[in-house]
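This report concerns only the one structure given below.
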Amino acid sequence: MRQASPAELATLTPASYDWQASALGARAGWPHSLKLSVDFLMNTPLPMLLAWGATPVVIINEAYAALAGQAAPLATGNTPLLAACADAMARARRGETIRLAGQVISFTSAPGSQQLACDIHLTPVHDEQDQVAGVLAAVAGCGVPEAAAPGAPGGLRVLVVEDNLDSQYLVCEMLKAFGHHADGVGDAEAALGMLGAAGYDVLFSDVSLPGMSGVELARQGLVMQPSMQVIFASGYGDSLLRHLPFPFMSLQKPYEMEQLQGTLDALARQLGR
């Protein structure tokens, strides 16, 4: 499979890339956690890679490609980070979330080889059977300038309510990369506590939550913060959202990150941001 050049990657989206020819197969057949991880990785300005599967298939973003002197979005299994962090990657595949401070990695960028002491964050990514299917690795603190986040000043304050912790983490990090402020919680009770302590522009909540539903959370949250906008994520269509006495937007799960970002862009314009 031909890898994208840096110029091509500037206009590349996860949905438009020809994944069919890769070991991952067509994007339509991917599990939701893989789609969400790739969306996050390819849209973030931080150097990141995703090692997916037992082999693994390694997907890198433009920032990591520039650091390692490789072509994005697919890399060989011996990319410098994996070679330097093999033991930690094995632990992450067993379900540990790991931070390595000052890990020395030999990168080969355009000017030549360089050894950098980086902070590496390894996050297990679970599939629909709650098994670890991959590891998301983020690189920080290498002493090289990080690309500026594309979000504009005055981003939205978003409260993300999602009981799947992997999805919650990825959505929050993606929103931050786009210039928004995002906090994440796993249930409605915790969300009400956050709404009582701070102001939010947007409540982005799953409809189905443990305990109190996302719909009831929105009802009570709007009493506390009447100007807050509501976006629901639902895997059951809009049947549970009919005849609600307040305005809202909804995304059908599994949704694409571009859909969420487009919805937030529309709200930002509405709020004059």
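Residue-wise test of (1) in a loop (DSSP other than H, G, I, E, B); (2) open to solvent by 70 Å² or more (accessible area, probe 1.4 Å); (3) more than 17 Å from Ser167 (Cβ to Cβ).
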{"residue": "Leu209", "(1), (2), (3)": "yes, no, no"}
{"residue": "Ala218", "(1), (2), (3)": "no, no, yes"}
{"residue": "Gly221", "(1), (2), (3)": "no, no, yes"}
{"residue": "Pro226", "(1), (2), (3)": "yes, yes, yes"}
{"residue": "Pro247", "(1), (2), (3)": "yes, yes, yes"}
{"residue": "Leu251", "(1), (2), (3)": "no, no, no"}
{"residue": "Leu260", "(1), (2), (3)": "no, no, no"}
{"residue": "Arg269", "(1), (2), (3)": "no, yes, yes"}
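For Glu173, are the conditions met, namely being over 23 Å from Ala28 (Cα atoms), surrounded by 14 or more Cβ atoms within 10 Å (Cβ to Cβ), of a type in the set (D, E, K, R) and touching a residue at least 60 places away in the same chain (Cβ under 8 Å)? Let's see the steps before the verdict.
Working: over 23 Å from Ala28 (Cα atoms): yes; surrounded by 14 or more Cβ atoms within 10 Å (Cβ to Cβ): yes; of a type in the set (D, E, K, R): yes; touching a residue at least 60 places away in the same chain (Cβ under 8 Å): yes.
Yes, satisfied.
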(request) Just give me the residues in segment 49-65 being open to solvent by less than 30 Å² (accessible area, probe 1.4 Å), free of Cβ contacts under 8 Å to residues at least 60 places away in the same chain and not β-branched (Val, Ile, Thr), in sequence order. (result) Asn61, Ala65
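Given the criterion more than 22 Å from the chain's Cα centre (by Cα) and not polar (S, T, N, Q), identify the matching residue among Pro80, Pro45. Full working, then the answer.
Values: Pro45 fails: more than 22 Å from the chain's Cα centre (by Cα).
After applying the criteria, what remains is Pro80.
For the subset of segment 228-243 comprising residues that are part of a loop (DSSP other than H, G, I, E, B) and loosely packed, with under 15 Cβ neighbours inside 10 Å, which member is modelled with the lowest pLDDT?
From segment 228-243, those part of a loop (DSSP other than H, G, I, E, B) are 228, 235-238, 242-243; that's our starting set.
If we keep only those that are loosely packed, with under 15 Cβ neighbours inside 10 Å too, we end up with 235-238, 242-243.
Numbers: Gly235: 75, Tyr236: 68, Gly237: 57, Asp238: 62, Arg242: 69, His243: 73.
My answer is Gly237.
The values are calculated or read from the model by the stated rules, or taken from the named source; none is laboratory data. What you are looking at is a predicted structure, and each value in this text was computed from that prediction instead of being measured. Glycine gets a Cβ as well: all are built from the backbone with ideal geometry, and neighbour counts include every protein chain shown. Just the protein is used for accessible areas: all its heavy atoms, side chains included, with ligands, DNA and RNA removed. Shrake-Rupley method; radii C 1.70, N 1.55, O 1.52, S 1.80 Å.
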